[in-house]
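Pasting a structure here, questions to come.
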């Protein structure tokens, strides 16, 4: 893979998709439908997917592509592939809460090694550069021309005063029970893959997810966190979270900065 080309294309497509998403976000009607699993989908999801899928297939025709909005891609049996969630946090989008993201990642041999997470309503753009180091770009964002970037790095956590981030729309009693085993100085809520990025920038130390997610929900944020020195592990046995599973569904997981005294499930 030509990582210089990959990240140039992925950055550009994420911004172009984000522009379309924000155009629809400004309308009164999002065109909300329900998918077979009863999860919502909007015209913004579909429009962003068209932009990203067309761009990736044109640039990398020989690389497998998995995208949330194209169910036929979910049957692929592959360990090296591009994976897309064109609008992660659709519920946040519908509620106009701003915590939604565009996610594009490249998985190599089961590990997400490059990724872009763009939060257009928050004016935040995170990605791994060609070398795999994670950066945050300063806005305003121009799809054709990268702006000023600075490297991001995970925190050196204080286990007596951890900063924890949890899901805004999917927090439950099981998550609260698990978090009770930690000494927390601050617990914040965030939507979509932004939670990975808050750990990657050192704004949080720990993000556990005790609920269903799919690989397209996590791959880009996982890559950004890994490029900032963090890690994502399975909740049950603390082994690395891998990609290319038969149904692209994730087990529960923990995203964290090194140095967090991780607790085992009871």
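Read-outs throughout are calculated quantities, based only on the coordinates presented, and are distinct from any laboratory measurement. Since the structure is predicted, the reported quantities are computational estimates derived from the model, not experimental observations.
Hey, what angle do you get for helix 215-227 against the long axis of the chain, alpha-carbon based, 0 to 90 degrees rounded to 10?
Taking the Cα atoms of the chain, the angle to 215-227 is about 70 degrees.
Hey, another quick one. Working from Cα positions, state the angle (0 to 90°, nearest 10) between the long axis of helix 3-25 and the longest principal axis of the chain.
Tilt relative to the chain: about 80 degrees.
Further question: Just the number, please: percent antiparallel of the DSSP beta bridges in the chain, rounded to the nearest 5.
Working: 38 of 49 bridges.
About 80 percent, rounded to the nearest 5.
Over the residues of the stretch 3-151, compute the C-alpha Rg and express it relative to 2.2 N^0.38 Å. It would help to have the intermediate numbers written out before the result.
Numbers: Rg = 14.9 Å, N = 149, 2.2 N^0.38 = 14.7 Å.
Dividing the Cα Rg of the stretch 3-151 by 2.2 N^0.38 Å gives 1.01.
Hey, another quick one. Helix 43-59 versus the longest principal axis of the chain: what is the Cα-based angle in degrees, 0 to 90, to the nearest 10?
Approximately 80 degrees, to the nearest ten.
Another one. Report relative contact order for the stretch 117-266 in percent, whole number only (criteria: Cα-Cα under 8 Å, sequence separation at least 6).
Working: 304 pairs, mean separation 36.7, N = 150.
RCO, the stretch 117-266: 24 percent.
So for the stretch 162-256: antiparallel DSSP bridges make up what percent, rounded to the nearest 5?
Working: 11 of 18 bridges.
So the antiparallel bridges in the stretch 162-256 amount to around 60 percent.
Averaged across orientations, what area in nm² does the convex hull of the alpha carbons in the stretch 144-224 project? Show your work: numbers first, answer last.
On the way: hull surface 25.9 nm².
Answer in nm², one decimal: 6.5.
Ok, one more. Got the relative contact order for the chain handy, in percent, Cα pairs under 8 Å and 6 or more residues apart? Each step should come with its number before you reach the end.
Details: 615 pairs, mean separation 47.0, N = 266.
Result for the chain is 18 percent.
Need one number: % antiparallel among DSSP beta bridges in the stretch 3-151, to the nearest 5.
Once the DSSP bridges in the stretch 3-151 are tallied, antiparallel ones form about 85 percent.
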